[in-house]
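These notes concern the structure reproduced below.
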Amino acid sequence: MLVLLLFWSCSSSRHVPDGSYLLDKVSININDSTNTFNEQEMSAYLRQVPNHKMLWSVKFRLGIYNMSGNDSTKWWNKWARKLGEAPVIFDSTLMEAGSEQLRKAMVNRGFLEATVTTDTLKDDRKKKIQVNYNLNAGEPHIINSIDYNFPDSLFRALVMSDSTSFPIQPGDPLDRNALDMQRELITMLLRNKGYYNFAKEFITFNADTTEGSKLVDLTMTLNPPYKNTSGSTELPSHEKYLIRNVRFITDYDAAKDETLQTYQASDTVYYKGMTILYGDNKYLRPSVLYENCFIQPGEEFRQSEVDRTYQAFSRFGILKFINIRFVPQGSIDNVGLLDAYVLLTPGKSQSVELQLEGTNSEGDLGMAASATYTHRNIAKGSETLTAKVRGAYESLSGDLDGLLHNRYMEYSLDLGLHFPKFKAPFLSDRFKRRINATSELNVSMSYQERPEYTRIISTAGWSYKWIYNKNRNRYVLTPIDINYVYLPESTNNFIDQIAPDNPLLRYSYEDHFIMRTGFTFYHSNKKTELPWNKSIQRDIYTIRANFEFAGNLLFAISNILEHRSNYREDPYKVFGIRYSQYVKLNSDFSFIRMLDYRNSLAFHVGFGIGYPYGNSYVLPFEKRFYGGGANGVRGWDVRTLGPGSYPGSNSVSDFINQCGDIRFDMSVEYRAKLFWVLELGAFIDAGNIWTIHNYSNQPGGLFRFNSFYKQLAAAYGLGLRFDFTYFLLRFDMGMKAHNPAMGQEPWPLIHPRWGRDSSFHFSIGYPF
């Protein structure tokens, strides 16, 4: 199939009409002594580009299109043309338009004398054409001086107080984009000082150039306002505005033809200087509306407070639409007055969701069912209650002698309560209003029957979440999270049979109690894609880090109430259960270089370490790291790699040994969009896990600085992805390249064996 596609892609002019040419190649040649421009950046201004190339050489989608015949009524031809890409026919008009756009882009950056020429190279036999854009940037015009022309001294004082942060300074190129940024910065500054009607259109720039010189004298002018759009009546100065009244309309319907001033409310409530106009349903308490509104009567208009109000109410799940309007109400002593209307439209408060799942795990069939109930306004403060019940069953085949069960069963109940505000005792309301955070309470209980054990897991936790800088920075603080695992006596008897001398295995299957505190940080420079912005963000990076510790408070209390010097042999307990004490750090860094709109290179480095101490000699099993799997070194199945050079047997009792206290992995992946929703991935992974202590049941797993690099496993492979915009399905096939396990083939790259060295993975989302 691939050979056929390559053949057709070579015959790329098959559907090119006579007298026309296939746009085969476009090149941008830049003559720029300042190195301001590059080909990738400037290619975004072209009006016509060639058909997409996979791996920079094969026009894969064009090849699929060329597999179609001329009869458009046949299903095969329709399918091939729908999945493929029609040939790009050269258009001289679009070439000239692209040339002009390239010239304007350079002019906007300060290169006022930039020129663009084009030339073409035609192949009449193959009906192909190559277009070359030749860019001559010349020398940039430099800002020599900046003069600020203001209507009054007050404006000058306000603007110049922040002049050091202006994006343009003497000595910079005459960049129109920077000028526009300065207009927006000054506009936002003034709108946060009470100037409600001020817009960036009031700011103009005048550039004075001298013939034969590249120096520019720049004058920035703040123009006076006008009473009407014709500009016939000029006002002396811009007017400040105060907030006179703040009114809430809680059941606003934009479809109704009624003005804000004539709105008829079912009930009117006055609360701390604000007016609340209720409809038939008082679904939000007055205190909740007040706490999330940062527009205050008697204060100056500030755009930042309007944005904070929008942001606060956007966290309310009960609200469908939010809008804020301002109505001028005359002026007093040359100070304008505004009435603020906060318009709220409620959505559905309750919903029920049912889900059915089917599973096939290596021939073992199973099914699961769940029901989720959601109430988005449980206490008239937009508190969201979520209750989920789930049941799962899977029949197991194979040799199950000596195991407790021949099935996998799970029943679980999850309860969550989300508050759209920062809730904490002993803190003032003013402080809580300043903190842009949400609060969450989560409680869950799960009953599990696996072949080797039965256990009950109970959890409860309280956390806070912050989002800053347009979702680029996220924080999660978990002051307390409790995890309790109970295993009945039957499981203990099973462990006595299969691993009587394995302390690691026994500890992992014992009852345990974890009370932890954690903090998670996320940062990304990824920008929101705007439909009118055709440029591509070349470099995208993401940083994730999680830090947690457990047992310190319990250990301090235990040591005070019942001091023991031999707590290693006789550990402290709570409710008769030994509690865990550890510290853990887990971090990841990923970097994506966009080569073009369809091709990218992704890099990833991950590191983690967990250290048990005090009341614990080993990390809890669920807190330990594991190697392999869809998000690890993909030449290994999940939990089959490491630690170190430990040779796992993949048995029921041995998978517990293939976990560690240290993790290090790195990956590089090439991603290419093919056609329709299909993407191709090619990757190389490396990494492993290690233990901090030299456990007897994990020989070769201890981390050593002088040898750990020799134990790095490596894998390579290909993947196929289905990008449905809202979620991505990923199928990856990895092959072992270097295997550090003792007694196994160390270099499968040289001596590959399909059954031994391959691993197939299915997952949702990218691996990093």
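Restricted to helices (runs of 4 or more DSSP H) entirely inside segment 57-109, those with at least 2 residues that are touching a Phe, Trp or Tyr at 6+ places or on another chain (Cβ under 9 Å) and farther than 18 Å from S43 by Cβ are 60-65, 75-83. With respect to (1) part of a strand (DSSP E or B); (2) over 23 Å from the mean Cα position of the chain (by Cα), the lone exception for F722 is condition (2).
Write out, first by first residue and then by second, each pair whose Cβ atoms fall under 6 Å of each other, whose residues are 6+ apart or on separate chains, and whose first residue, in segment 159-182, is within 20 Å of G110 (Cβ to Cβ) while the second is crowded, with 16+ Cβ neighbours inside 10 Å and basic (K, R). Taking only residues 6 or more apart or on different chains, the pairs are D175/R109. Scanning segment 684-713 for residues that are outside any strand (DSSP E or B), within 16 Å of G606 (Cα to Cα) and free of Cβ contacts under 8 Å to residues at least 60 places away in the same chain gives Y709, L712. Just name the residue that is nearest to L319 (Cα to Cα) out of those in segment 342-396 that are of a type in the set (A, V, I, L, M, F, W, C) and at pLDDT below 90. Among those residues, the one meeting the criterion is L356.
For the subset of segment 114-145 comprising residues that are closer than 13 Å to F90 by Cβ and touching a Lys or Arg at 6+ places or on another chain (Cβ under 8 Å), which member is surrounded by the most Cβ atoms within 10 Å (Cβ to Cβ)? My answer is V131. In summary, N657 fulfils each of the numbered conditions (1) surrounded by 21 or more Cβ atoms within 10 Å (Cβ to Cβ); (2) within 29 Å of the chain's Cα centre (by Cα) with the single exception of condition (2). Within segment 308-319, not a single residue is surrounded by fewer than 14 Cβ atoms within 10 Å (Cβ to Cβ), in contact with a Leu (Cβ under 8 Å, 6 or more places away or on another chain) and either modelled with pLDDT under 95 or on the phi < 0 side of the Ramachandran plot (or both). The lone criterion from (1) surrounded by fewer than 20 Cβ atoms within 10 Å (Cβ to Cβ); (2) of a type outside the set (F, W, Y); (3) out of contact with any strand residue (DSSP E or B) (no Cβ under 8 Å at 6 or more places or on another chain); (4) outside any loop (DSSP other than H, G, I, E, B) left unmet by L585 is number (3). Taking Y670 as meeting all but one of (1) within 16 Å of F625 (Cβ to Cβ); (2) in contact with a strand residue (DSSP E or B) (Cβ under 6 Å, 6 or more places away or on another chain), write down the number of the exception. Y670 satisfies all of (1) within 16 Å of F625 (Cβ to Cβ); (2) in contact with a strand residue (DSSP E or B) (Cβ under 6 Å, 6 or more places away or on another chain) except (1).
Report whether or not G632 is on the phi > 0 side of the Ramachandran plot, in a loop (DSSP other than H, G, I, E, B) and not hydroxyl-bearing (S, T, Y).
Answer is no for this residue.
Residues in segment 433-471 that are in a loop (DSSP other than H, G, I, E, B) and either closer than 20 Å to F547 by Cβ or of a type in the set (A, V, I, L, M) (or both): how many? Adding up the residues that qualify gives 1.
Hey, could you check segment 213-251 for residues that are assigned to a loop (DSSP other than H, G, I, E, B), among the charged types (D, E, K, R) and at pLDDT 85 or above and say which is nearest to I142 (Cα to Cα)?
Among those that are assigned to a loop (DSSP other than H, G, I, E, B), among the charged types (D, E, K, R) and at pLDDT 85 or above, it is K214.
Taking the numbered list (1) among the aromatic types (F, W, Y); (2) surrounded by fewer than 18 Cβ atoms within 10 Å (Cβ to Cβ); (3) over 30 Å from M54 (Cβ atoms) in turn, Y597 passes all entries but (3). Select, from I146, I129, I186, I168, the only residue that is in a loop (DSSP other than H, G, I, E, B) and β-branched (V, I, T). None of the others qualify; the one that does is I168.
Among the numbered conditions (1) under 38 Å from the mean Cα position of the chain (by Cα); (2) in a loop (DSSP other than H, G, I, E, B); (3) without any contact (Cβ under 8 Å) to a residue 60 or more places away in the chain, the only one that Q264 does not meet is (1).
Which of the residues belonging to segment 311-328 are in a strand (DSSP E or B) and touching a residue at least 60 places away in the same chain (Cβ under 8 Å)? Answer for segment 311-328, where residues must be in a strand (DSSP E or B) and touching a residue at least 60 places away in the same chain (Cβ under 8 Å): L319, F321, N323, R325, F326, V327, P328. Within segment 746-768, the only residue that satisfies the criterion of being modelled with pLDDT of 90 or more, surrounded by 12 or more Cβ atoms within 10 Å (Cβ to Cβ) and among the charged types (D, E, K, R) is D757. Kindly establish whether N35 is part of a loop (DSSP other than H, G, I, E, B), closer than 25 Å to L112 by Cβ and not assigned by TED's automatic domain parsing to the domain that holds P173. Judged against the criteria, N35 is a match. Remark: pairs (first residue in segment 733-753, assigned by TED's automatic domain parsing to the domain that holds A713 and within 17 Å of D637 (Cα to Cα); second residue among the charged types (D, E, K, R) and surrounded by 19 or more Cβ atoms within 10 Å (Cβ to Cβ); Cβ separation under 6 Å; 6+ apart in sequence or on different chains) = G734/R634; M735/D757; K736/D757; P748/K736; P748/D757. Only one entry of L289, L344 meets the criterion of being among the hydrophobic types (A, V, I, L, M, F, W, C) and assigned to a strand (DSSP E or B), and that entry is L344.
The values are calculated or read from the model by the stated rules, or taken from the named source; none is laboratory data. Just so we're clear, the structure is a prediction, and the values are computed from it rather than from any experiment. Cβ atoms come from the backbone with ideal geometry, glycine included; neighbour counts cover every protein chain shown.
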